[in-house]
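Visitor: If you scroll down you'll find the structure; I have some questions about it.
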Amino acid sequence: MRVLLTAGGTREPVDDVRVLANTSTGRLGAQLADAFVDAGHPVVLLHAQGAARPSQPGVERHVFGASSELWTLMQRQLPDAEVVLHAAAVSDYLPVRAPGKLSSDADELVLRLTRAPKLIDRLRAHAPAAFLVGFKLTSGRDRAQRVSLARGLAERAQLDLVVANDARHTGDQDHEALLVTADDVRHVGGGKAALARALVDAVCGARRLAAP
C-alpha cells in the first residue's frame, strides 16, 4: 500500500518575522512512518519544520510551513495514495498578514484572524478510493463525547477511521486513543509506538477486508 502521512503543526505568518503556531511535535507521525515501513509499505511523510523525524531511512519526506504549503504538497501526493493519515495539526484560523514587521513598541497588539479551510474535508475528492484516517484532538472530554465528535468528523469528511486523542494523554509513553469507525470503537494505550502499531494493524486489516 502506498501510504501518505502528514505530521506536525503549521506555522501561519503574522508578519515577515512572526508566526501563529501550535504545540504539535509530529512524534506520532514519525512513529507511524516507521511502523508502516516496518510492515513493508512505502511511505511519504509530509512534516512540519522542526517536527520529529522517522528513524527508518526509506521514508520519503517533504517539509511544510504554512497550511497552504501543506495543501500544495498534499495535492501532489494524494492521487497516488492508497492510505492517507492526516495527523498534522492544521491551524483553524489564519492571521491577516501584516506587511513588513509589526512594531513591538505598542502596549497591546491586536491580530485579526480569519477561518482557515479544513484540509481534511478536501481529501475524499482528491483520493476517492483511498482509506482515509483523520485525527480528532479534544481536551477533557469523556469517552462518549470523544466518540461522538470523531464520528461527526468521519461523516462530514467521509473518513474511514478517526483517531480520537485527548490532550491529557498524548505523551510518548502514556499516549492513549480511541480508534473510531462507524460501527466500532477500540481503545489503545501504551504510548505512541503501541498506537502506531495498532493503527497499522487496523488499516491493513480494513484494507484486506475491503479487497475484492
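What follows draws every value from the coordinates through simple rules; no lab data is involved. Being a predicted model, the structure only gives us computed values, none of them experimental. All Cβ positions, glycine included, derive from the backbone under ideal geometry; neighbour counts span all protein chains shown.
Visitor: What is the spin-label model distance, in nm, from Ala98 to Gln158 if the labels are put 7 Å beyond Cα along the C-beta direction?
Guide: Distance between the two pseudo-spin positions: 4.2 nm.
Visitor: Quote the convex hull volume per residue of segment 1-108, based on C-alpha atoms, as a whole number of Å³.
Guide: Taking the convex hull of the Cα positions in segment 1-108, it is 105 Å³ per residue.
Visitor: Separate question: Using 7 Å Cα-to-Cβ label points, what is the Ala182/Thr23 separation (nm, one decimal)?
Guide: With each label placed 7 Å out from Cα toward Cβ, I get 3.6 nm.
Visitor: Could I ask something else about it? What does the helix-only formula give at 222 nm for the chain: each DSSP H stretch with n ≥ 4 adding -39500 (n - 2.57), the total divided by the residues, and the result rounded to the nearest 500 deg cm²/dmol?
Guide: So the calculated ellipticity at 222 nm is -9000 deg cm²/dmol.
Visitor: If I fit a long axis through the Cα atoms of helix 27-38 and take the longest principal axis of the Cα atoms of the chain, what angle between them do I get, 0 to 90°, rounded to 10?
Guide: With both axes taken from Cα atoms, the answer is about 30 degrees.
Visitor: Stretched out fully, how many nm does the piece from Ala206 to Asp174 gain, at 0.36 nm a residue minus the Cα gap?
Guide: Gain on extension, Ala206 to Asp174, equals 8.9 nm.
Visitor: A further question on this structure: How do Arg97, Arg151 line up, fewest other C-beta atoms within 10 Å first?
Guide: Arg97, Arg151
Visitor: Okay, moving on. Ranking Glu12, Glu155 by Cβ neighbours within 10 Å, fewest first, what do you get?
Guide: Glu155, Glu12
Visitor: What is the Cα coordinate range of the chain on the first, second and third principal axes, sorted by size from largest, in whole angstrom?
Guide: Principal extents (largest minus smallest coordinate, Cα): 62, 37, 33 Å.
Visitor: Test of understanding: in a Gaussian network model of the chain with alpha carbons linked when under 10 Å, which of Gly65, Gly29, Gly50 would top the mean-square fluctuation ranking?
Guide: It is Gly50.
Visitor: Among Val63, Val180, Val37, which comes first, then next, by fewest other beta-carbon atoms within 10 Å?
Guide: Fewest-to-most ranking of Val63, Val180, Val37: Val63, Val37, Val180.
Visitor: State, as an integer percentage, the relative contact order of the chain based on alpha-carbon contacts under 8 Å between residues 6 or more apart.
Guide: Reported as a whole number, the value is 19 percent.
Visitor: Can you tell me the 0 to 90 degree angle between the C-alpha axis of helix 192-210 and the longest principal axis of the chain, rounded to 10?
Guide: The two axes meet at around 60 degrees.
Visitor: Under a Cβ-Cβ cut-off of 12 Å, what is the net charge of the residues other than Ser103 that fall near it, where Lys and Arg count +1 and Asp and Glu count -1?
Guide: Net charge around Ser103: -2.
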